[in-house]
Every structure is written in C-alpha cells, then in structure tokens.
1. Restricting attention to the stretch 103-151, which residues are closer than 17 Å to residue 91 by Cα, surrounded by fewer than 17 Cβ atoms within 10 Å (Cβ to Cβ), touching a residue at least 40 places away in the same chain (Cβ under 8 Å) and in contact with a strand residue (DSSP E or B) (Cβ under 6 Å, 6 or more places away or on another chain)?
2. Give just the number: which of (1) assigned by TED's automatic domain parsing to the domain that holds residue 129; (2) under 20 Å from the mean Cα position of the chain (by Cα); (3) exposed (fewer than 12 other Cβ atoms within 10 Å of the Cβ) does residue 99 not satisfy?
3. Name the helices (runs of 4 or more DSSP H) wholly within the stretch 1-116 that hold at least 2 residues that are over 30 Å from residue 132 (Cα atoms) and modelled with pLDDT under 95?
4. Does at least one position in the stretch 118-141 carry a residue that is within 24 Å of residue 17 (Cα to Cα) and assigned to a helix (DSSP H, G or I)?
5. Going through the stretch 84-96 one residue at a time, which ones are in contact (Cβ under 8 Å) with a residue 24 or more places away in the chain and surrounded by fewer than 16 Cβ atoms within 10 Å (Cβ to Cβ)?
6. Name the one entry in 67, 73 that is touching a residue at least 24 places away in the same chain (Cβ under 8 Å), assigned by TED's automatic domain parsing to the domain that holds residue 23 and over 18 Å from residue 8 (Cβ atoms).
C-alpha cells in the first residue's frame, strides 16, 4: 500500500498498477471461506478498492458499494500504511565464491555475521564450488552479501 501511494505521488502509474497486481496475487492465495483468513481477505479487497479509485473511480465506487459500504468511496480517507509492518523480517543474501554467484540464501534480518557465514558455507552450491577446499577468507556484508575467497 505504501509503495502504491508513493507511485501515485511520483505519477508512476505503471508501477502502481504492477504493485496492485502483486496485491491481487497475494489476495488470490488467501481462502476467503477460511474464518482465519476471511478478515484479511476482506481488508485486502477493501484497501485494493481504495487504491484503484484514482485510476478507475467509477468501477471502484461500484466495488465499494458491493462491499457493503453505505458512504461514498470518494469521501473516505486514503488508506495509511503501518510503518512497523513495512520492515521485512528476512533478507535474501547473495553468496559468491571467488567472485561468482553460487547461491542465494534467505536469513533473518540482522543475523550475526558468524551465523550468516555458517549458513553460507552450509549451502550445497557453495560446497560444490569449494570442492572440499577450506576458504581462505569469508567476508560478510550484513544483510547484503557473503564473499568466500578460496586460495
């Protein structure tokens, strides 16, 4: 939602449409009949309707009424993103061996460097690239990349 609002502000409408498509794909993965997911689904569709309004005002207004709202969509405030929810808990880290990408690993954000190194060296692609050789040096750039140098 935050990225769609930013795209609108920059007049990057193609980006806004792409982000809304990502949202519809995420909503499609939910089971609207499941009691645990139905609230999330309804909130997602409601937010999507609000985000569509600047580009498709008439269709969005019809969708808003179909969702059971009595007031006009144009009179509702723009949805606000919760900054706490925008922080990713995981990061995808590239692992290079002698400058060549050998793996990507997904780990918790801000993981200790020694744990990142251990996870990188445990990856099968990295093990193959090492070919039973001990690494000469391992450089960990937090949340970004691991470079393994083999002598």
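1. 143, 145
2. Failed condition: (2).
3. Once the helices (runs of 4 or more DSSP H) in the stretch 1-116 are filtered for at least 2 residues that are over 30 Å from residue 132 (Cα atoms) and modelled with pLDDT under 95, what remains is 2-9, 13-28, 35-52.
4. no
5. Answer for the stretch 84-96, where residues must be in contact (Cβ under 8 Å) with a residue 24 or more places away in the chain and surrounded by fewer than 16 Cβ atoms within 10 Å (Cβ to Cβ): 86, 94.
6. One residue alone meets the criteria, 67.
The values are calculated or read from the model by the stated rules, or taken from the named source; none is laboratory data. The structure presented is a predicted model; accordingly, all values stated were derived computationally and were not measured. Positions of Cβ are generated from backbone atoms using ideal geometry, with glycine treated the same way; all protein chains shown enter the neighbour counts.
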